[in-house]
Amino acid sequence: MPARDPLAVLARLRRLEVAGARRVMAARQSDLAAASAGEAAARDAVAAELSGAPADYAAFLPRARAARDDAVAATARAEAAAELARAELVGARVQARVVEALMARRADAARAEAERRDQARLDDWRPAAP
């Protein structure tokens, strides 16, 4: 069984980490959209209740403010989680690019060494004696 190339294994691991970070980022963006929708609904509920009777509005307002404040806090938490997920995705991408650069550098060095060997063979070549 041939030995596995450590950089190839690391590159695969980094690709998997990037894919996982993308999934987490998508989930956090979805959470943020839901939280933003909840916040908008809470604000709309307060605005819709304004057209009702003042006594009803006075009874409704404390609960509505609490619901709105909870929705605003949930949106802030979702924004923070989305920002953290974005930063983790950026970090995963950077790590993947570093491994790709190392692999490219190694491939360039191997190519240069092969060219050097080929040139050395050409320099040492002598035609066969007649």
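The values are calculated or read from the model by the stated rules, or taken from the named source; none is laboratory data. Note that the structure is predicted; figures quoted are calculated from it, not measured. Don't worry about glycine lacking a Cβ; one is built from the backbone with ideal geometry, like all the others, and counts go over all protein chains shown.
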Task: the range 92-106 - residue that is among the charged types (D, E, K, R) and over 22 Å from A21 (Cα atoms) and, of those, farthest from the chain's Cα centre (by Cα) - done: R106
Task: the range 108-130, subset charged (D, E, K, R) and more than 41 Å from the chain's Cα centre (by Cα), residue modelled with the lowest pLDDT - done: R126
- [ ] Identify the residue in the range 44-54 that is exposed (fewer than 15 other Cβ atoms within 10 Å of the Cβ) and either in a helix (DSSP H, G or I) or among the aromatic types (F, W, Y) (or both) and, among all such residues, is modelled with the lowest pLDDT.
- [x] P54
- [ ] Could you tell me whether R22 is surrounded by fewer than 12 Cβ atoms within 10 Å (Cβ to Cβ) and more than 30 Å from A66 (Cα to Cα)?
- [x] no
Open item on the list: Cβ contacts < 7 Å: first residue farther than 16 Å from A11 by Cα, restricted to the range 81-109; second residue among the basic types (K, R) and crowded, with 16+ Cβ neighbours inside 10 Å, any location; separation 6+ or different chain. Result?
Closed with: A81/R28; A82/R28; A85/R28
- [ ] For the range 50-66, state whether one or more residues are among the acidic types (D, E) and within 30 Å of L89 (Cα to Cα).
- [x] no
Task: Index of the failed condition, A41 passing every other in (1) out of contact with any helix residue (DSSP H, G or I) (no Cβ under 6 Å at 6 or more places or on another chain); (2) of a type in the set (G, A, S); (3) farther than 29 Å from V24 by Cβ - done: (3)
Open item on the list: So for the range 55-72 (the condition being surrounded by 10 or more Cβ atoms within 10 Å (Cβ to Cβ) and aromatic (F, W, Y)), does at least one residue qualify?
Closed with: yes
